[in-house]
Structure formats: structure tokens, C-alpha cells
Amino acid sequence: ITTDIGFETVLVHQPVLGDYEVLPKTEKPGRSLEWFTVRGITVKTDKMHFYERYTDYSPRSRGEDTIQVELIAKSKDSVALVSQFGEFWYTDHVKDILLQSVADVAREYSNEVRADSKVFQKDFNGRLRAVVQMKFKSNGVPLIVQSVSGEFSKYPESSSRRYSFHTNPKTVGQGIRVEY
């Protein structure tokens with residue numbers, strides 16, 4: 001098993017017959033030799049950037065409002081992350097929690113007229129960060145939230161920020177995107 005710098009490999013014992021078991025140790029950068037029934041799940045230990053765009057967060061929005069969210073997080077415990085949420089922890093679980101957080105905050109601000117003002121965006125970002133941290137903590141997500149920022153726009157074409165996505169093959173199942 002080869003682990004790159006900035007990553008950790010969570011070892012999973014997967015016998016020929018039966019369920020898999022997450023082993024309590026991780027492999028640090030370098031190479032290791034394991035039994036053929038052990039495979040590795042790579043988790044990034046440096047900053048992970050998640051970019052999402054939501055348009056259907058509220059039934060009243062009718063697709064007019066758009067929220068682009070950038071979440072920067074670090075793994076607190078890679079073994080716990082894979083044990084609790086599985087190999088595709090971001091796409092199967094964490095993304096849903098993030099979407100629910102965005103929907104909760106968006107409902108609070110859905111009647112706001114001046115969504116393009118800096119004061120509104122600052123208030124929206126502060127509330128979004130607090131809700132995301134609270135939801136991660138209550139759901140037991142072992143990620144350290146370093147920053148959450150959201151750009152709320154009333155019309156999708158008025159959004160000033162555009163993201164280009166480049167996917168790292170090692171992190172395909174985790175929803176990690178690198179802006180370039």
C-alpha cells in the first residue's frame with residue numbers, strides 16, 4: 001500500500017467471505033506490505049476543499065436563488081471517519097449534512113431583499129458556519145471545520161464566483177475538488 005504525502009491510508013480487512021472490518025491503525029506516507037485481504041482507503045489529512053452549488057434548497061425558491069458553498073475542513077480522526085461513514089463518507093453522508101445546513105440557513109434568509117450587499121453576505125456566512133459546525137458535532141462527523149463560506153445570489157446568472165473543478169483520482173469518492 002502506497003500513501004502519498006498529505007494523506008493517510010485507513011486499513012480495511014476484507015476477507016474473501018464476510019463483512020469488512022476497519023483496522024484501528026493508519027498508514028502514514030510511504031509504503032507498507034499488507035496481506036492480500038487488507039486494502040487501504042486514502043483520506044486527506046491536509047485541508048480538504050469541498051465546493052457545492054445548491055439551487056433547490058427550498059420549495060419556495062423555484063430555482064431562482066443559488067448558493068455556492070466552499071467548506072474547508074481537516075480530518076480529526078481518519079479511522080473514525082471511515083468506520084462511521086464508510087468508504088464514500090463525503091458523497092454518502094457528509095454532503096447530506098452540509099446540504100441540510102445550507103437549507104436551514106437559506107430558509108432563514110429567503111425573504112431577504114438585499115442579498116447582494118456585503119453586510120448580508122457577512123451575516124449569512126457567519127450563520128452558515130455556526131450551523132455547519134453544530135450539525136457536524138451533533139452527527140458525530142470527525143472533521144475540523146476551518147472555514148465555511150457561502151455566496152447567496154437571488155438569480156443564478158448574477159453569481160460572480162465561478163469554480164473550475166479538477167478531480168484527483170485518489171479522492172474521487174470523497175467529493176474533494178481542487179480549484180485551479
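Among the residues of the stretch 47-57, those that are touching a strand residue (DSSP E or B) at 6+ places or on another chain (Cβ under 7 Å) and either open to solvent by 40 Å² or more (accessible area, probe 1.4 Å) or part of a loop (DSSP other than H, G, I, E, B) (or both) comprise Lys47, His49, Arg53, Thr55, Tyr57.
Residues considered: Ala106, Ala80. Of these, the only one that is modelled with pLDDT under 85, of a type in the set (Gly, Ala, Ser) and not in a loop (DSSP other than H, G, I, E, B) is Ala106.
Working only within the stretch 136-148, note down all residues that are crowded, with 16+ Cβ neighbours inside 10 Å and either in a helix (DSSP H, G or I) or among the small types (Gly, Ala, Ser) (or both). Listed by number, the list holds a single entry, Phe136. Restricted to the stretch 27-43, and to residues there that are open to solvent by 70 Å² or more (accessible area, probe 1.4 Å) and assigned to a strand (DSSP E or B), the residue that is nearest to Thr3 (Cα to Cα) is Arg31. Considering the stretch 149-177 alone, what residues qualify as being open to solvent by 80 Å² or more (accessible area, probe 1.4 Å) and either at pLDDT 90 or above or among the small types (Gly, Ala, Ser) (or both)? The one that is open to solvent by 80 Å² or more (accessible area, probe 1.4 Å) and either at pLDDT 90 or above or among the small types (Gly, Ala, Ser) (or both): Ser160. Among the residues of the stretch 3-26, those identified as closer than 22 Å to Ile144 by Cβ and either at pLDDT below 85 or open to solvent by 40 Å² or more (accessible area, probe 1.4 Å) (or both) are Asp4, Ile5, Pro24, Lys25.
The values are calculated or read from the model by the stated rules, or taken from the named source; none is laboratory data. This one's a predicted model, so the numbers in the text were calculated from it and none came from an experiment. Backbone-built Cβ (ideal geometry, glycine too); neighbour counts: all protein chains shown. Just the protein is used for accessible areas: all its heavy atoms, side chains included, with ligands, DNA and RNA removed. Shrake-Rupley method; radii C 1.70, N 1.55, O 1.52, S 1.80 Å.
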